[in-house]
Amino acid sequence: MTQSSAPTADESASGRGAAGVVESNGINVVSEAERTGRPSDLFWPWFAANVSIFGMSYGSWVLDFGISFRQAAGVAVAGAVLSFFFCGVVALAGKRGSAPTMTLSRAPFGVDGNKLPGMVSWALSIGWETVLTILATLATATIMERLGWGGGTATKLVAALVVSALIVTFAVLGYATIMRLQSILTWLTGGLSLLYIAMTVGTIDLATVTAIPDGPFTAVVGAFILVMTGFGVGWINIASDYSRYLPRSVPGRSVIGWNTVGGSLAPCILVVFGLMLAGTSTDLREGISADPIGALASLLPTWMLVPFLVVTVGGLVSGAVLGIYSSGLTLLSLGVRIPRASAAFVDGTLLTLGTIYVVFFAGDFFGPFQGFLITLGVPIAGWAGVMMADITVRRRDYDELALFDRRGRYGSVNPVAVGLMVLGTVIGWGLVVNTYAGWLAWQGYLLGPVGLGGRDGDWAYANLGVLASLVVGYIGYLALGRRSVRRQESADQRAQPRSGTLEGADSFTG
């Protein structure tokens, strides 16, 4: 008995459709005729999703680690670029296999074993969608209040429902609509973000910013991991969802390059500028903790608030649309047999309920947000390590039918991949401290035994667990999983690898 039958050509006849038309493709392998994208197309969704003003708030959070501007700027650039480079590596699987990320993840984990990372990925995507919707809701309420147009409970409720409806609508329509939306939002949000920078640059006091003293190495590491987790690692579980429409013959280095540039360009600029704003004003840093974007709006004149609201909501909706589209695909990969559009609608309902809970019943924003990033960032980093190692050693395209058959070459469960993800998570949770929720106080149990000073030591908030989990997954699978990959590839292929796939097309893995 199979996990689920591979969708037939008839089932995906309309494929990705056109802008404004509901995409019919789900977790099936995209047909050859639909693989017409260009690597440069990847720039638009990743840039649009990360050009949000929200990126400036990271400047405040990075400085909260107690490091200098010089250290923080280096951390921001290195963390953003490296983390989106990782996304680019995972995106290689999409162009090789023309299926969503969590469908292709069945190759290293097995058809049934992949349910473990699938559940983590689904929760992470739902969480990110909810965070972005919360930010849009709080920003709308703050700006409406400044304009004298409300800002209380009714405003927040209406904002939450309207923003959620926009996100769900675009996600339900699917790939073609999302790509069109992102190309428009790139210019709109990018241009207005530059306008915001131009209007607030005069508030920066460089002498004050550069006078902030250097912090310890442990704090630099912690800030670096926060940036990595908040940017590229937060998206890595959906990286192939947008590269699957590329021809399999496109160069792998182009896929990696456009993912890296598209995802990291805006954060590098926005976080560094946010560092200067936060380093100038202690009051701004305190305000960002409760309402990240609303606090940034306080620097603007009244006439600029409406354009600021447009760029803010546009950027956040852009990111949330990517998330909910992919979370719907992940839900299908877990075996839920409903249309892709219905899966997006289900996740949209959860997004709305989560937003209402946090906005109306939770007080602080940054605490739960960072606790969420750390807790789910650890296991997804372990999965990412395994996935990147598998992509590194794999030389042939994926066996399309076997991705949907537990009796095929990828099997039901690969104990090596599953075991490495679990091991990475156990080690990782033991090396992070999470004081943002009482039920997470058990984390950090390895900091004392391995000589890192315990939960109160210098390494307590360095968030080493995320990096440790990724390394365990990657190095472990390179060492233990290579033979399994070779065994899979030595079997008779239903579809032989295309010429050029190995030589030149995937020079990264060569």
### Task
Tally up the carbon and sulfur contribution to the accessible surface of the chain as a whole percent, 1.4 Å probe, everything protein left in place.
67
### Message
Per residue, how much accessible surface does the chain expose to a 1.4 Å probe? Answer in Å², no decimals.
### Response
35
### Message
Going by average Cβ density within 10 Å per residue, which order do the peptides 482-488, 217-223, 443-449 take, highest to lowest?
### Response
217-223, 443-449, 482-488
### Task
Please name which of Gly430, Gly453, Gln443 has its Cα lying farthest along the dipole of region 386-455 towards the positive end, using unit charges on Cβ (Lys, Arg +1; Asp, Glu -1) and the Cα centre as origin.
Gly453
### Query
Given just the C-alpha atoms of region 133-194, how large is their convex hull per residue in cubic angstrom?
86
### Task
Have a look at the chain and give its Rg and Dmax from the Cα atoms, expressed in angstrom.
22.1, 69
### Query
How do 416-427, 120-131 rank on mean C-beta neighbours within 10 Å, highest first?
120-131, 416-427
### Message
If I ignore ligands, DNA and RNA and count only protein heavy atoms, how much of Arg146 is accessible to a 1.4 Å probe, in Å² to the nearest 10?
### Response
100
#### Entry: Charged-residue dipole, Cβ positions (Lys, Arg, Asp, Glu), the chain about Cα centre, Debye nearest 20
1300
### Task
Rank these residues by their accessible area, most exposed first, probe 1.4 Å: Lys156, Lys95.
Lys156, Lys95
### Query
What do you reckon, how do Thr103, Thr280 stack up by accessible area (1.4 Å probe), largest on top?
Thr280, Thr103
### Message
Which order do the peptides 42-53, 265-276 come out in when sorted by mean C-beta neighbours inside 10 angstrom, highest first?
### Response
42-53, 265-276
### Task
Evaluate the relative contact order of the chain (contact order divided by residue number), counting alpha-carbon pairs under 8 angstrom at least 6 apart; express in whole percent.
29
### Query
Name the residues of region 198-233 whose amide N is less than 18 Å from a point 7 angstrom out from the Cα of Val450 along the C-beta direction?
217-226, 229
### Summary
Note to self, the chain gives a 222 nm [θ] from helices alone (DSSP H runs n ≥ 4, -39500 (n - 2.57) apiece, / all residues, nearest 500) of -21000 deg cm²/dmol
## Note on the structure
Residue span Val201 to Ser40: 0.36 nm per residue of separation minus Cα-Cα distance leaves a gain in nm of 54.8 nm
## Note on the structure
For Ile184, the accessible surface traced by a 1.4 Å probe with all protein chains present amounts, in square angstrom to the nearest 10, to 100
### Query
For region 128-205, what relative contact order do you get, as a whole percent, if you take Cα pairs closer than 8 Å and at least 6 residues apart?
20
#### Entry: Values of log10 I(q)/I(0), in the order q = 0.15, 0.25 Å⁻¹, for region 229-319 under a Debye, Cα-only, solvent-free model
-0.76, -1.39
### Task
Work out how much length Val158 to Ser31 would gain on full extension: take 0.36 nm times their residue separation and subtract the Cα-Cα distance, in nm to one decimal.
41.6 nm
### Hydrodynamic radius by Kirkwood, which averages 1/r over all alpha carbon pairs of region 92-159, in angstrom
14.8
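The values are calculated or read from the model by the stated rules, or taken from the named source; none is laboratory data. Not measured: the values here are computed from a predicted model. All Cβ positions, glycine included, derive from the backbone under ideal geometry; neighbour counts span all protein chains shown. In case anyone asks, the SASA skips ligands and DNA or RNA and just uses the protein heavy atoms, side chains included. Shrake-Rupley method; radii C 1.70, N 1.55, O 1.52, S 1.80 Å.
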